[in-house]
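Read the structure below first, then the notes.
The values are calculated or read from the model by the stated rules, or taken from the named source; none is laboratory data. Values in this document were obtained by computation on a predicted structure and should not be read as measured data. As a convention, Cβ positions derive from the backbone with ideal geometry for all residues, glycine included, and neighbour counts pool all protein chains shown. Just the protein is used for accessible areas: all its heavy atoms, side chains included, with ligands, DNA and RNA removed. Shrake-Rupley method; radii C 1.70, N 1.55, O 1.52, S 1.80 Å.
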Amino acid sequence: MLENCAENGSIYAELFVSPEFCGGADLSAWRDYLAAMEETAARMRAVGIDSRAIVTPIRHLGPERARKSALCAAETAGAWVTGLGLAGAETVGKATDFAWSFDCAREAGLGLTCHAGEWGGPDSVRQALALGVSRIGHGVRAIEDPALVRDLADRGITLEVCPGSNIALGIYPDWPSHPIARLADAGVRVTVSTDDPPFFRTTLTHEYDRLASAFGWVETEFHQINQWAVDAAFCDAATRDRLRKELA
């Protein structure tokens, strides 16, 4: 993944990793898997692509299982692990069912994000906001509720938008129909991500090319979304300052 990011010109990436798939969320097993990932991350940092990890409980496995992943995140927070998210089947239960896990992560000093507003409508975005997140994964269906769009803009919430994924899954029929430009025009902070690049057969370059074609975006728009990405990144201040200088 990091090699792919570097090949497409990225200088920083945040990877969603789940302890559920790394030893069944057993803390000892998770530490072993994490050590291998951190070793790779350090090697890639030396060749120009920095990264952090967002630990991700799986929503459709339920809130109790999520607690184990949240504890894995809290116990290994501070170096490569800098955030907690929530992924999986968005229509299963409510995001607020996972409040304990988010409170645990917050106490450990982790950044918070939550998958919402893709398959679920605007209400799923509101549920994510109730968890105290600073970012929302996807969030694009907020466009269906003007009051919610204004709220996202006023709060400075960042949407981690994955246009190619949304189109591939049929959320929107084509690139011109995607609401990312309308959200940005309304003052919502948006970034561009690739979701699951091997599955969707995409790259960041491909996403940028299609956005440029669909909306006429040029260097100004792409520079802005990258500045928003730096602002929203779950990294330390020194890394944030370095990224700003590299993007200047």
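In this structure, does residue 25 turn out to be more than 24 Å from residue 231 (Cα to Cα), out of contact with any strand residue (DSSP E or B) (no Cβ under 9 Å at 6 or more places or on another chain), assigned to a loop (DSSP other than H, G, I, E, B) and not hydroxyl-bearing (Ser, Thr, Tyr)? Spelling it out, residue 25 is indeed more than 24 Å from residue 231 (Cα to Cα), out of contact with any strand residue (DSSP E or B) (no Cβ under 9 Å at 6 or more places or on another chain), assigned to a loop (DSSP other than H, G, I, E, B) and not hydroxyl-bearing (Ser, Thr, Tyr). If you filter segment 182-207 down to residues that are of a type outside the set (A, V, I, L, M, F, W, C) and assigned to a strand (DSSP E or B), you find that the one that is surrounded by the fewest Cβ atoms within 10 Å (Cβ to Cβ) is 191. For segment 71-119, taking the residues that are among the charged types (D, E, K, R) and within 18 Å of the chain's Cα centre (by Cα), the one that is modelled with the highest pLDDT is identified as 106. Take segment 139-160 and flag every residue that is open to solvent by 10 Å² or more (accessible area, probe 1.4 Å) and part of a strand (DSSP E or B). The answer is 160, and nothing else.
From the list 120, 93, which residue is open to solvent by 20 Å² or more (accessible area, probe 1.4 Å) and either out of contact with any strand residue (DSSP E or B) (no Cβ under 9 Å at 6 or more places or on another chain) or in a loop (DSSP other than H, G, I, E, B) (or both)?
Going through 120, 93 in turn, the sole match is 93.
Scanning segment 164-191 for residues that are in contact with a Phe, Trp or Tyr (Cβ under 7 Å, 6 or more places away or on another chain) and more than 17 Å from residue 122 (Cα to Cα) yields a total of 6.
Hey, could you check segment 161-181 for residues that are among the small types (Gly, Ala, Ser) and open to solvent by 30 Å² or more (accessible area, probe 1.4 Å) and say which is nearest to the chain's Cα centre (by Cα)? Ranking the candidates gives 168 first. Within segment 42-74, the residues that satisfy the criterion of being of a type in the set (A, V, I, L, M, F, W, C), touching a helix residue (DSSP H, G or I) at 6+ places or on another chain (Cβ under 7 Å) and assigned to a helix (DSSP H, G or I) are 44, 61, 66, 70, 71, 72, 73, 74.
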